[in-house]
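See structure below.
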Amino acid sequence: GDSVTQMEGPVTLSEEAFLTINCTYTATGYPSLFWYVQYPGEGLQLLLKATKADDKGSNKGFEATYRKETTSFHLEKGSVQVSDSAVYFCALVNTGGFKTIFGAGTRLFVKA
Amino acid sequence: DVKVTQSSRYLVKRTGEKVFLECVQDMDHENMFWYRQDPGLGLRLIYFSYDVKMKEKGDIPEGYSVSREKKERFSLILESASTNQTSMYLCASSPGSTLTEAFFGQGTRLTVV
């Protein structure tokens with residue numbers, strides 16, 4: 001079945017450091033790919049998405065590119081802030097479906 | 001903006017009680033979902049619904065049931081609460097079209113004592 005694998009955390013960075021959170025997926029068909037963010041004590045909210053190969057999703061300085069050849073959707077940010085501390089989930093929805101398949105989540109801590 | 005509202009942020013219930021978690025969405029979405037979130041296990045799908053009165057089991061339906069009598073409301077029911085159901089519960093909704101993102105409520109942290 002479809003699945004999403006993302007790097008285990010926690011990831012601890014200093015403010016202004018470069019962030020990469022790796023995500024790979026297994027899916028038949030042509031899924032849409034998503035990154036969600038969960039701030040402490042809150043539900044998940046969509047951070048960015050990409051719907052086809054080579055699409056780049058971006059929001060709030062975060063970027064991720066849909067790489068079909070490597071089945072990856074890595075999240076990057078050039079300069080993190082303390083306010084970026086949260087849990088990040090990589091996810092997919094596959095063709096013909098509406099259920100979201102989530103990765104396990106990666107907790108990010110950013111130190112001032 | 002889409003709004004998904006869960007009836008409680010925090011609940012404390014006793015073992016054996018019947019517990020109702022309510023979720024309401026205001027964007028006329030066809031699909032609604034209940035997840036539980038536990039440390040180290042990510043999000044696990046309990047039940048989902050793609051239409052009024054329709055429901056499908058997710059990955060971990062045991063000990064739970066759901067009700068969807070109106071399009072905007074999706075209820076999760078713990079028939080007889082147990083301590084291993086202490087968790088964060090997240091409701092979500094999405095439009096009927098495929099390949100779209102889900103919109104989440106703020107979560108209900110349930111503690112069963």
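Key figures
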| read-out | value |
| --- | --- |
| Test: A:GLN45 is of a type outside the set (A, V, I, L, M, F, W, C), closer than 24 Å to B:TYR35 by Cβ and either at the interface with chain B (Cβ under 10 Å from one of its Cβ atoms) or touching a residue at least 24 places away in the same chain (Cβ under 8 Å) (or both) | yes |
| Which numbered condition B:PHE20 misses (of (1) of a type outside the set (Val, Ile, Thr); (2) touching a residue at least 60 places away in the same chain (Cβ under 8 Å); (3) away from every other protein chain (no Cβ under 14 Å); (4) part of a strand (DSSP E or B)) | (2) |
| Residue in region A:66-83 that is over 23 Å from A:ALA17 (Cα atoms), part of a strand (DSSP E or B) and more than 10 Å from chain B (Cβ to nearest Cβ) present | yes |
| Out of A:TYR88, A:TYR30, sole residue that is in contact (Cβ under 8 Å) with a residue 60 or more places away in the chain and surrounded by fewer than 20 Cβ atoms within 10 Å (Cβ to Cβ) | A:TYR30 |
| Matching entry among B:SER97, B:SER93, B:SER49 (being surrounded by fewer than 15 Cβ atoms within 10 Å (Cβ to Cβ) and under 14 Å from B:ASN31 (Cβ atoms)) | B:SER97 |
| Selection within region A:6-27 - away from chain B (no Cβ under 14 Å), in a loop (DSSP other than H, G, I, E, B) and either more than 12 Å from the chain's Cα centre (by Cα) or of a type in the set (Asp, Glu) (or both) | A:GLU15, A:GLU16, A:ALA17, A:PHE18 |
| Residue check, A:LYS111 touching a helix residue (DSSP H, G or I) at 6+ places or on another chain (Cβ under 8 Å), more than 11 Å from chain B (Cβ to nearest Cβ) and either buried (at least 17 other Cβ atoms within 10 Å of the Cβ) or of a type in the set (Val, Ile, Thr) (or both) | no |
| Single match in B:SER75, B:SER94, B:SER82 (criterion: touching a Phe, Trp or Tyr at 6+ places or on another chain (Cβ under 9 Å), away from chain A (no Cβ under 13 Å) and hydroxyl-bearing (Ser, Thr, Tyr)) | B:SER75 |
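Laboratory data are not the source of any read-out in this text; all were calculated from the coordinates shown. Since the model is a prediction, treat every value here as computed from it, not as a measurement. Heads up, the Cβs are rebuilt from the backbone with ideal geometry, glycines too, and the neighbour counts pull from every protein chain shown.
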